[in-house]
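A.B. asks: Encoded as structure tokens, here's the structure I'll be asking about.
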Amino acid sequence: MADVSVVGPEAGEAIQIGPTRVRILEDGTVTEHRLGMAEITLPPHTDGPPQHRHARHDEGFYVVSGTARFTVGTTGYDAPAGTLVMVPPGAPHTFANPTGEVTVLLNTFTPDLYVQYFRDLRAMIAAGQPVDGASIAATMRRYATEPATESGTDG
């Protein structure tokens, strides 16, 4: 019989990226890399990553609490708690917390390809390397992800 993974509320792999906390709940180990899952906590008035496209994985976001603003190309969507946003490969997207309250997202990656991206950012921060637009873009590219311009087209 296969082992079952149970990750409690204080468990998981915590990664702090600026003001944003990412807690890896499933890194693909238990799911044989079919699924990765993280909890993302965005403090009030916090931007997410630059708008980007994934080439090889779907990404899902379930808003657990608060309200997130998702931008897909040039279209914005305010997503209150209870909202599910599914992003297929190729769709430009980003997210932010424009509100005065903490926002918590459950984030899925199918397959788990993008989990390592967060670990790479943590390693860059720990090594004192700059975490700016150019370094983030270079890190994204290692995981079949490309930055998108503000207009939603490739830059």
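The values are calculated or read from the model by the stated rules, or taken from the named source; none is laboratory data. These numbers were taken from a predicted model, which means no experiment stands behind them. Here Cβ is always computed from backbone atoms with ideal geometry, including for glycine, and neighbour counts include all displayed protein chains. These area figures cover heavy atoms from the full protein model, side chains too; ligands, DNA and RNA do not enter into them. Shrake-Rupley method; radii C 1.70, N 1.55, O 1.52, S 1.80 Å.
A.B. asks: Give the range 74-83 a look and list any residue that's among the hydrophobic types (A, V, I, L, M, F, W, C) and either open to solvent by less than 50 Å² (accessible area, probe 1.4 Å) or at positive phi (or both), or say none. If you could, list the steps in order and put the result at the bottom.
C.D. replies: Let us first name the residues in the range 74-83 that are among the hydrophobic types (A, V, I, L, M, F, W, C), namely 79, 81.
Once the filter is applied, which keeps residues that are among the hydrophobic types (A, V, I, L, M, F, W, C) and either open to solvent by less than 50 Å² (accessible area, probe 1.4 Å) or at positive phi (or both), the range 74-83 yields only 79.
A.B. asks: What do you reckon, is residue 104 of a type outside the set (Phe, Trp, Tyr), part of a strand (DSSP E or B) and either modelled with pLDDT under 95 or within 12 Å of the chain's Cα centre (by Cα) (or both)? Talk me through it step by step, then tell me what you get.
C.D. replies: Numbers: of a type outside the set (Phe, Trp, Tyr): yes; part of a strand (DSSP E or B): yes; either modelled with pLDDT under 95 or within 12 Å of the chain's Cα centre (by Cα) (or both): yes.
So residue 104 fits the description; yes.
A.B. asks: Just checking, how many residues over the range 32-43 are exposed (fewer than 12 other Cβ atoms within 10 Å of the Cβ) and either in contact with a Leu (Cβ under 7 Å, 6 or more places away or on another chain) or modelled with pLDDT of 95 or more (or both)?
C.D. replies: Residues in the range 32-43 being exposed (fewer than 12 other Cβ atoms within 10 Å of the Cβ) and either in contact with a Leu (Cβ under 7 Å, 6 or more places away or on another chain) or modelled with pLDDT of 95 or more (or both): 0 in total.
A.B. asks: Kindly indicate which of 29, 20, 71 is open to solvent by less than 50 Å² (accessible area, probe 1.4 Å) and over 11 Å from the mean Cα position of the chain (by Cα). Don't jump to the end; show me each part of the working.
C.D. replies: On the way: 29 fails: open to solvent by less than 50 Å² (accessible area, probe 1.4 Å); 20 fails: over 11 Å from the mean Cα position of the chain (by Cα).
It is 71.
A.B. asks: Does the range 93-124 hold any residues that are surrounded by fewer than 19 Cβ atoms within 10 Å (Cβ to Cβ) and farther than 26 Å from residue 65 by Cβ, and which are they?
C.D. replies: Passing the criteria: 111, 116, 120, 123, 124.
A.B. asks: Pick from the range 1-17 the residues that are open to solvent by less than 50 Å² (accessible area, probe 1.4 Å) and under 13 Å from the mean Cα position of the chain (by Cα): which of them is farthest from residue 100 (Cα to Cα)?
C.D. replies: Pass one, the range 1-17, residues open to solvent by less than 50 Å² (accessible area, probe 1.4 Å): 8, 11-13, 15, 17.
Next, only the ones that are under 13 Å from the mean Cα position of the chain (by Cα) stay: 15, 17.
Working: 15: 23, 17: 20 Å.
Among residues in the range 1-17 that are open to solvent by less than 50 Å² (accessible area, probe 1.4 Å) and under 13 Å from the mean Cα position of the chain (by Cα), the one farthest from residue 100 (Cα to Cα) is 15.
Residue by residue, here is whether (1) touching an Asp or Glu at 6+ places or on another chain (Cβ under 9 Å); (2) closer than 18 Å to residue 145 by Cα holds:
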position: 48; (1), (2): no, yes
position: 59; (1), (2): no, yes
position: 84; (1), (2): no, no
position: 89; (1), (2): yes, yes
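A.B. asks: Could you give me the residue pairs with C-beta distances under 8 Å whose first residue belongs to the range 44-60 and is open to solvent by 60 Å² or more (accessible area, probe 1.4 Å), whose second residue is acidic (Asp, Glu) and part of a strand (DSSP E or B) wherever it lies, and which are 6+ apart or on separate chains?
C.D. replies: 55/146
A.B. asks: So which residues in the range 71-101 are part of a strand (DSSP E or B) and within 24 Å of residue 27 (Cα to Cα), if there are any at all?
C.D. replies: Pass one, the range 71-101, residues part of a strand (DSSP E or B): 71-72, 75-80, 84-87, 93-97.
Scanning the range 71-101 gives 84, 85, 86, 87, 93, 94, 95, 96.
A.B. asks: Given (1) in a strand (DSSP E or B); (2) out of contact with any helix residue (DSSP H, G or I) (no Cβ under 8 Å at 6 or more places or on another chain); (3) of a type in the set (S, T, N, Q), where does residue 16 come up short, assuming only one miss?
C.D. replies: Just one mismatch for residue 16, condition (2).
Let's see how each residue does on (1) at pLDDT 95 or above; (2) under 21 Å from residue 144 (Cα atoms); (3) more than 15 Å from the chain's Cα centre (by Cα):
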site: 67; (1), (2), (3): yes, no, yes
site: 80; (1), (2), (3): yes, no, yes
site: 93; (1), (2), (3): yes, yes, no
site: 96; (1), (2), (3): yes, no, no
site: 113; (1), (2), (3): no, yes, no
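A.B. asks: From the list 89, 111, which one is under 16 Å from residue 52 (Cβ atoms) and touching a Lys or Arg at 6+ places or on another chain (Cβ under 8 Å)?
C.D. replies: Details: 111 fails: under 16 Å from residue 52 (Cβ atoms).
When all the criteria are applied, what remains is 89.
A.B. asks: Among the residues that make up the range 141-154, is at least one of them within 30 Å of residue 9 (Cβ to Cβ), touching a Pro at 6+ places or on another chain (Cβ under 9 Å) and not acidic (Asp, Glu)?
C.D. replies: Of the range 141-154, the ones within 30 Å of residue 9 (Cβ to Cβ) are 143, 145.
From what's left, touching a Pro at 6+ places or on another chain (Cβ under 9 Å): none.
No, the conditions are met nowhere in the range 141-154.
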